[in-house]
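Colleague: The structure that follows is given in the form of structure tokens.
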Amino acid sequence: MTPAMRQYTAIKEKFPDCVLFFRMGDFYEMFFEDARTASRALNIALTSRSKDKNLPMCGIPYHALETYLARMVKGGHKVAICEQVEDPKTAKGVVKREVVRVVTPGTITEDFLLDEKSPNLLAAVFAGKAKGEDSIGLSTADLSTGRFTTREFGGERRFSSLIDELARLAPKEIVVPDNEPDNKANGLSPLLKNSDIVFEEIDEFAFDGEEARRRLTAHLGVTTLEGFGITDDGAVSASVSAAGAALYYIQRNSPKAAKSINTLRMIGAEGEMEIDSASLKNLEIVANLADGAREGSLLEILDRTKTAMGARLLRERIVRPLNNTEAIQKRQDAVTAFFNDSVAREKLRSVLGEVSDFERAAGRIAGGNFNPRDFSSLLNSLERLPDAHDAALAADSEPLNAILDLDRWDNVEELKNLLEKAVNRDHPATFKAIGFIREGYDAKLDEIRSLGSSSRETIKKMEKSERASMKIPTLKIGYNKIYGYYIEVTKKHAEKVPQNYIRKQSLVNCERFVSPELKEIEEKLATADEKARELEDSLIDELRQKVVDDINRVRAAAFAIAALDVASALAETAKLHDYCPPEIARGRELRLAESRHPVIERMMTEENFVPNDISIDEKSPHLLVVTGPNMAGKSTYLRQVALAVLMAQMGGYVAARSAVIGIADRIFTRVGAQDRLQKGLSTFMVEMVETANILNNATDRSVVILDEIGRGTSTFDGISIAWAVAEFLARKGARTIFATHYHELTDLAATEPHVANFNITAREYKDRLVFLRKIEPGPADKSYGIQVAKLAGLPDETLKRARQVLRKLEKMEFGADGKPRLKAEGAEDESQLSFFDVRGHPVFDALKNADPDEMKPIDAINFLQKLKEMLD
């Protein structure tokens, strides 16, 4: 091996699970299996060294790193970036190289790799104990913004609570101990098997409680974690272990980016309405069910934010609605302030349109992985803060002032003034070129630059002088990295060059020379550039430190901008789509007048959306059984009610003419049916698991929507389960809408005072089914299933036979096993069966033929014994 290859091999051994981008001059090279992996992922040629055909290799230009790195990360690969950390010109032997960072899905900070509207979270999970009880710690870090949190789940629901929280957070990468299979088997695998989340196992030492606490306190510069809301009573909690492991992973892979983390926040679910992972998915809150994309989700419809920070905050509020009346009302008041003042709203939104993602820009600067654009982005945004403040004040709303604390608004004036003086607005794209620092900011730098400028001017004058003295009009002075400055003349004029000029290069059409005078000027220029580079680097580092010093003020300003953005965006959406401000009640009311589905109404093109009402209060039935034909709109009705509750409790307006909504502690949904065969769960099993979760955890403060419980099994089993589930929820008190095709369930209203029947109307007109899509009291008169099948295009012969079978089923011609006795065509049997019919069973026939008057006592005993054996 060459010295360089020995160096490569030694570095690669330290990063076996990464593709190593090994810097060699102007290229990043990859070798061996890394080359094969990169060749496939990047669609670049796989070659080999001429002396060794068994050494596969490939490479990318260093200046194209962004493009290729994005492809690698999106392909799920971890990349270790190995740079030359010394100047090749001064190196003795092989150039020193080091891995400066490892790019993983959860630790990226580059703007070209990030979704600006979503957080980029790394999560660490640890199952341990808290005060002797089993618990799970979950810590998350977003290196692009510096947010670092931890929390703890306890009790029997700890694993399900963890999965629900991970569904809301949608981290890009999850870190767990490599010796804890229970973490995966009992908690994480149901979420991770069909997700885009990268699952990373690391040394269990990273999760050691005492070591985690030591690592956290050392990094945060404190002696105890109590200032962050973490009780330090001697016992190390699972949340501390998780946070320590997250920090360990960050420090190992992105040591510079770890500097952006300067605080830790202990969070809990207090004050939040819980949404489980099934409801988050079924209601299509942040992603649609079709392909998991943002399009067609509630988030897409509501998001009219102008800034990336506002978009991220809106997403956070949608997946974390509140359950505190006062807090909800404050958010709603902020929306109302902009809803009522269109002039102030438009003025603010115009200003916000000029604000860039300075939260992430500041995070990159603090973390050391920044470029010139980050400074200019931060500067331009800080300059807009006073305008945003004035626009918000123009709304003249006392609630808005109280919510956003406009009287204590911080423009971070000192940092802005410093950047205005220091940053050249027309700076180069990278720091490799000199010129980022503005002229006039530093006298010494200006002096050095002046020397360089005068040298360049001297070269221009020299070029003009040489042309005249040699009488060569095409003579020019050029520059390249290999030869430096040179004098170039064509071949036919080469004899005119003075004897003391040194020939440097011969080309096809020209000759290149160096004169003593040009060499002297070049040395002065090189010295000036080198000194300017060193001084400018020093000044940039000073600016970076100033940003670090003010990072918390910058982040507070970013949050204020995001909060204004969300409030004004929700007001804009409400104005455009005619939403109303809901009344937030303390009871269990749920009253909506002319409610609509906020997503579907925007997607409909061929017909107008038909609004519907719902009215539940303390005195009225709180379980509504909704029947009606397929495609009539039952599922839409269920979802729009649930979404109205969510939109209200996130602090926004709702898609209705009026609304009164009592605080819900949780929203539960059981809708849709999908096999999860790869998880060993059938359609029916999934249905029952989700239903069990609802029955075990719903309270009288919950909102529950159920769509077609019991479809995945036999008719009798399905009806029995659906009946029992509805009965249970009715007696428990949860506000429930139960859509079903089992018309038997409408009988519940006769025995349960808390149950009421409603139906989605449809009418037959000239052999055609017309959906009226209006909710009205009472059960549906029929299901119209065959009519819907006709709309779907089933053959007439099949439809005719279906009608024959339907007539017999409607006459309840069932056997004891629940299967219909479908007789020959034309045969009729007018007898009626009860719901629990037993005719046809041997016990029934034996009883029918028995004559008790003829039985002796011993005969009766024997007869009973025979019946028991028959039942067994």
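Colleague: For a Förster distance of 60 Å, can you work out the FRET efficiency between the beta-carbons of residue 295 and residue 492, rounded to the nearest 0.05?
Modeller: 0.35
Colleague: Quick one: what do you get for the range 544-644 if you divide its Cα Rg by 2.2 N^0.38 Å?
Modeller: 1.62
Colleague: Which of the aspartates and glutamates could a cross-linker bridge to residue 848, judged by Cα under 15 Å and excluding same-chain residues fewer than eight apart?
Modeller: The reachable aspartates and glutamates, counting only those whose Cα sits under 15 Å from residue 848, are 837.
Colleague: Going from most exposed to least, what order do 506, 239 have by accessible area with a 1.4 Å probe?
Modeller: Ranking 506, 239 by accessible area, largest first, yields 506, 239.
Colleague: Report, for the chain, the % of DSSP beta bridges that are antiparallel, rounded to 5.
Modeller: Around 65 percent antiparallel, to the nearest 5.
Colleague: Using a 1.4 angstrom probe on the protein heavy atoms only, could you order 224, 605, 474 from most to least accessible area? Write out the running numbers ahead of the final one.
Modeller: Values: 224 50, 605 130, 474 80 Å².
Most to least solvent-accessible, the answer reads 605, 474, 224.
Colleague: Continuing with the same structure: List the trypsin sites (Lys or Arg not before Pro) within the range 409-445 that fall in a DSSP loop (any state other than H, G, I, E or B) and whose Cβ has at most 10 other Cβ atoms within 10 Å.
Modeller: Passing sites in the range 409-445 are 425, 432.
Colleague: If you keep only loop residues by DSSP, which trypsin sites (Lys or Arg not before Pro) in the range 87-135 have at most 10 other Cβ atoms within 10 Å of their Cβ?
Modeller: 89, 92, 131
Colleague: Return the carbon/sulfur percentage of the accessible area of the chain, one whole number, probe 1.4 Å, all protein chains in place.
Modeller: On the way: 21100 of 41840 Å².
It is 50 percent, rounded to a whole number.
Colleague: Once every Cα of the range 20-156 carries one equal point scatterer and solvent is ignored, give the base-10 log of I(q)/I(0) from the Debye formula at q = 0.13 Å⁻¹, two decimals.
Modeller: -0.72
Colleague: Taking K and R as +1 and D and E as -1, what net charge do the other residues with C-beta under 11 Å from the C-beta of residue 700 add up to?
Modeller: Result for the local shell: +3.
Colleague: List the equivalent ellipsoid semi-axes of the range 587-676 in whole Å, largest first, each obtained as the square root of 5λ for an eigenvalue λ of the Cα gyration tensor.
Modeller: Each semi-axis is the square root of five times an eigenvalue, giving 21, 17, 14 Å.
Colleague: About the Cα centre of the chain, how large is the charge dipole given +1 on each Lys and Arg Cβ and -1 on each Asp and Glu Cβ? Please answer in debye to the nearest 20. Don't skip to the end; give the middle numbers.
Modeller: Details: 122 positive and 136 negative charges, 722 e Å.
The calculated dipole for the chain is roughly 3460 debye.
Colleague: Rg and Dmax in Å for the chain, alpha carbons only: what are they?
Modeller: So, for the chain, Rg and Dmax equal 36.4, 145 Å respectively.
Colleague: On average, how much accessible surface per residue is there in the chain, in Å², for a 1.4 Å probe, leaving out ligands, DNA and RNA?
Modeller: Value for the chain: 48 Å² per residue.
Colleague: Oh, and also: On the principal axes of its Cα set, how long, how wide and how thick is the range 311-366? Give whole Å, largest value first.
Modeller: Taking the Cα atoms of the range 311-366, the three principal extents are 39, 31, 15 Å.
Colleague: Would you mind estimating how fast the range 368-491 diffuses translationally, via Stokes-Einstein at 4 °C and 1.567 mPa s with the Kirkwood radius over Cα pairs, in µm²/s?
Modeller: 67 µm²/s
Colleague: Something else now. Would you please name the GluC sites (Glu not before Pro) within the range 231-325 that are DSSP coil residues with at most 13 other C-beta atoms within 10 Å of their C-beta?
Modeller: Passing both the DSSP loop test and the Cβ count: 270, 295.
The values are calculated or read from the model by the stated rules, or taken from the named source; none is laboratory data. Predicted model only: the values in this text are computed from it and were never measured. A quick note on method: Cβ atoms are made from the backbone with ideal geometry, for glycine too, and the neighbour counts reach across all protein chains shown. For the accessible areas, the whole protein counts, side chains as well, though only heavy atoms, and no ligand, DNA or RNA atoms are used. Shrake-Rupley method; radii C 1.70, N 1.55, O 1.52, S 1.80 Å.
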